[in-house]
1. Suppose we keep only residues that are surrounded by fewer than 15 Cβ atoms within 10 Å (Cβ to Cβ) and in contact (Cβ under 8 Å) with a residue 60 or more places away in the chain within region 29-48. Which one would you say is nearest to residue 137 (Cα to Cα)?
2. Going through region 22-72 one residue at a time, which ones are part of a strand (DSSP E or B) and under 17 Å from residue 131 (Cβ atoms)?
3. Quick check, is residue 19 in a loop (DSSP other than H, G, I, E, B), touching a strand residue (DSSP E or B) at 6+ places or on another chain (Cβ under 8 Å), at pLDDT 85 or above and within 18 Å of residue 137 (Cα to Cα)?
4. Could you list all residues from region 54-90 that are touching a helix residue (DSSP H, G or I) at 6+ places or on another chain (Cβ under 7 Å) and either at pLDDT below 80 or over 20 Å from residue 24 (Cα atoms) (or both)?
5. From (1) modelled with pLDDT of 85 or more; (2) more than 16 Å from residue 32 (Cα to Cα), pick out the condition that doesn't hold for residue 118.
6. Among the residues of region 102-115, which ones are surrounded by fewer than 20 Cβ atoms within 10 Å (Cβ to Cβ) and modelled with pLDDT of 80 or more?
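The values are calculated or read from the model by the stated rules, or taken from the named source; none is laboratory data. In this text the structure is predicted, and so the values were computed from the model without any measurement. Glycine also receives a Cβ, built like all others from the backbone with ideal geometry; neighbour counts cover every protein chain displayed.
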């Protein structure tokens, strides 16, 4: 737990489960194992959370800070509708999304600090690809 601010003379604490990272009103779990999108979604759900949904530019910037290049699944897919439903099209990697007939799941492609030719943006990939995942849940206030 960590103190957040005083509200009407009461101290408000933001709480995240152990091993989760707090940011604004959410807690984030960065997996250390890889699995396909459906299994990633089930894993997050089993922890009472969901695959991360990016709602702000600040959240996008915070999540893509990493020292090595990798991909994390997020809660965005074109599985059921055949379309991407997001307001944040500026976060897509140049040329993405592409191959919608096959690549129906989205991942955050994190630019590593060692390769200046990669982007820290989204790309669509095959849902069967094994990737890391970021799970998100709301912070608890106590």
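1. Among them, the one singled out is 48.
2. Result: 28, 29, 30, 35, 50, 51, 70, 71, 72.
3. Taking the combined requirement at face value, the residue satisfies it.
4. Hits for region 54-90 are 73, 77.
5. Every listed condition holds for residue 118 apart from (1).
6. Selection gives 102, 103.
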